[in-house]
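The values are calculated or read from the model by the stated rules, or taken from the named source; none is laboratory data. Computed from a predicted structure; not experimentally measured. As a convention, Cβ positions derive from the backbone with ideal geometry for all residues, glycine included, and neighbour counts pool all protein chains shown.
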Amino acid sequence: MKFDLNKIKIISLAIKSKEIKPYLQPIVDFNNRIKGFEALSRWVKNEHEVLLPYAFIEDIKADHQLLDEWTISIIEQLICFLIPRKMKLIDLHLNIYSSTLNTTVIEHIICLNKYVNVVIEIIEDDIIYNEDEFIRNLDILSKYGVKLAIDDFGCGFNNESRLYKYKFDFIKIDRSLTSLIDVDIEKYKLIKRIKKLSDEMGTTIIAEGVETIEQAKLLKGLDINRYQGFLYYKALPLEIITELQW
């Protein structure tokens, strides 16, 4: 992979200056009550220009030091936001890449978990190079009450094998399935099968990318009762989160 050193430097400065910020997207139940949030990064260049992750996340992932800096910065900003607020009963989903689950990041996650119920999200196609170390780190976090979710489930190739390998508390169904549940019978059948598997394993399903009432009705019909998507909320800056009721 060819590195753009100038772009890496610019992103690093953006992380250090906290231009790259956590936004929170609510996760709701079938009564539209907020049950948790997912932390999503936004690069706030100014009040008129906010960049979505696709504009910078691949560059961050390509540089291990940058990945660590970004992860720690996001967690520290969340801690500062949460310290004066009582949100301990709320789940906070945090995207963590296995390659950055080191001692420093683990310590930050444990600190964050004092103020909210942390759920680590591992994307389905994340390449885990050292399985034993990864499992040990998950065990450490589990002892502190940190939970685990598999993200983007249904879009990759690891599928059930990874489900049985780790003790997931949540399965997040990828939006590529959810967005077609009302027009593609095969996608509907696959989500139904995932729900059956989830019930057998005792995990909770969260459907991502819910954008229409029809999609929500079909998901409710399958007894899936956690939803995330534009039908309910978009990702919101922290100062707006305080105005929500849950």
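How many residues does the range 22-49 hold that are surrounded by fewer than 15 Cβ atoms within 10 Å (Cβ to Cβ) and of a type outside the set (D, E, K, R)? Show your work before the answer.
Going through the range 22-49, the residues surrounded by fewer than 15 Cβ atoms within 10 Å (Cβ to Cβ) turn out to be 29-33, 45-49.
From what is left, the residues that are of a type outside the set (D, E, K, R) are 30-32, 46, 48.
Count: 5.
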Within the range 17-40, residues being within 15 Å of residue 81 (Cα to Cα) and of a type in the set (Gly, Ala, Ser) number 1
- Message: Condition (residue is modelled with pLDDT of 95 or more, touching a Gly at 6+ places or on another chain (Cβ under 8 Å) and surrounded by fewer than 19 Cβ atoms within 10 Å (Cβ to Cβ)) applied to the range 211-221: is it met by at least one residue?
- Response: yes
Every listed condition ((1) over 20 Å from residue 25 (Cβ atoms); (2) in contact with an Asp or Glu (Cβ under 7 Å, 6 or more places away or on another chain)) holds for residue 152 save (1)
So, first residue polar (S, T, N, Q) in the range 115-144, second residue part of a loop (DSSP other than H, G, I, E, B) and surrounded by 14 or more Cβ atoms within 10 Å (Cβ to Cβ), Cβ within less than 7 Å, six or more apart or across chains; the pairs are 117/90; 137/101
Scanning the range 85-103 for residues that are loosely packed, with under 13 Cβ neighbours inside 10 Å and either under 20 Å from residue 151 (Cβ atoms) or modelled with pLDDT of 90 or more (or both) gives 103
